[in-house]
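Participant: Got a structure for you, written out below as C-alpha cells; questions coming shortly.
The values are calculated or read from the model by the stated rules, or taken from the named source; none is laboratory data. All of these numbers come straight from a predicted model, not from anything done at the bench. Positions of Cβ are generated from backbone atoms using ideal geometry, with glycine treated the same way; all protein chains shown enter the neighbour counts. Side chains are part of the model used for accessible areas, which takes the heavy atoms of the whole protein and leaves out ligands, DNA and RNA. Shrake-Rupley method; radii C 1.70, N 1.55, O 1.52, S 1.80 Å.
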Amino acid sequence: MLTSFLPGFALSLTLILAIGAQNAFVLRQGLRRVHVFWVCLTCALSDAILIAGGVAGFGALAEAWPWFETVMRYGGAAFLIWYGYLNARAAWRGGVALEADGQGAGSLYKSLLTVLALTWLNPHVYLDTVVLIGSISAQYPDRLAFGIGATLASFCFFFSLGYGARLLGPLFAIPLSWRILDGLIAATMWGIAAKLLLM
C-alpha cells in the first residue's frame, strides 16, 4: 500500500505547491486570520472530488483500453516537462512576492465564492487532478491508495498553509523565497516526468 500511497502523496503535494491564485488567496486569508478553516476545507474537498474522479475514471479507461495508459503516461510526462519549465522560468525571472493588503475581512459567503471560482474555473486544476493524477495513478498497483495519498496531501497542504500563514508571511514577502520554491517544484516535476518516461 505504501508503494502507491507515498507517490500519490508526493505528486499531489508538489502539484499543489505551485504558486497560483488559489494558494495566494489561502495564504492571504491565513495572514488575516479570516475564515481560514472554511477556505481550507473548501479547497481540500474540491481537490478530493477531482482526484477521486481522475483516479476512478482513468482506472476504468486503462482497463478497457490498455493503449490508453501508454498515451496518458507520455502525455503526462510532456505536461510535467512543460509545467517544470514554467516554474523554472519563474524561478529564473523572480519578482514575485506576496503582500497582505490589509483590506476588510469580507463575508464568509464572499470568501467561499472566491475560492470556489479560483478552484473550479481554473483549467490547470483539471490538468493537475483529473488528468495528471488520474493518469499517473494507473501506473501503480493500488490506485485507491494512490488517490488517498493524493487527497491527504491536499488536506495537509491547505490547512498547513492557512494556519501556518502567520509564520510564512515574512518569508514569502521576499521574492527570493518564491524563486527557490519555484526551482524546487521545477526539479520535482522533471524528476517525475523522467520516471514516467523510463517506466
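Participant: From the list Gly102, Gly94, Gly84, pick out the single residue that is modelled with pLDDT under 80 and closer than 21 Å to Gly183 by Cα.
Facilitator: Just a single option satisfies the conditions, and that option is Gly94.
Participant: Right, next: Note down all Cβ pairs under 6 Å where the first residue falls in the stretch 87-110 and is of a type in the set (Lys, Arg), the second is at pLDDT 60 or above, and they're at least six residues apart or on different chains.
Facilitator: Correct list of pairs: empty, since none qualify.
Participant: I'm told Phe155 meets every condition in (1) touching a residue at least 60 places away in the same chain (Cβ under 8 Å); (2) more than 12 Å from the chain's Cα centre (by Cα) except one. Can you identify the failing condition by its number?
Facilitator: (2)
Participant: Those residues that are open to solvent by 60 Å² or more (accessible area, probe 1.4 Å), part of a helix (DSSP H, G or I) and not hydrophobic (A, V, I, L, M, F, W, C), I need them from the stretch 103-116; list them, please.
Facilitator: Tyr109, Lys110
Participant: Looking only at the stretch 144-163, which residues are under 11 Å from Pro7 (Cα atoms) and not aliphatic (A, V, I, L, M)?
Facilitator: Result: Phe146, Gly147, Gly149.
Participant: Scan the stretch 16-39 and report the pairs whose first residue is of a type in the set (Ser, Thr, Tyr) and whose second residue is surrounded by 18 or more Cβ atoms within 10 Å (Cβ to Cβ) and part of a helix (DSSP H, G or I), with Cβ atoms within less than 6 Å and a gap of 6+ or a chain change.
Facilitator: none
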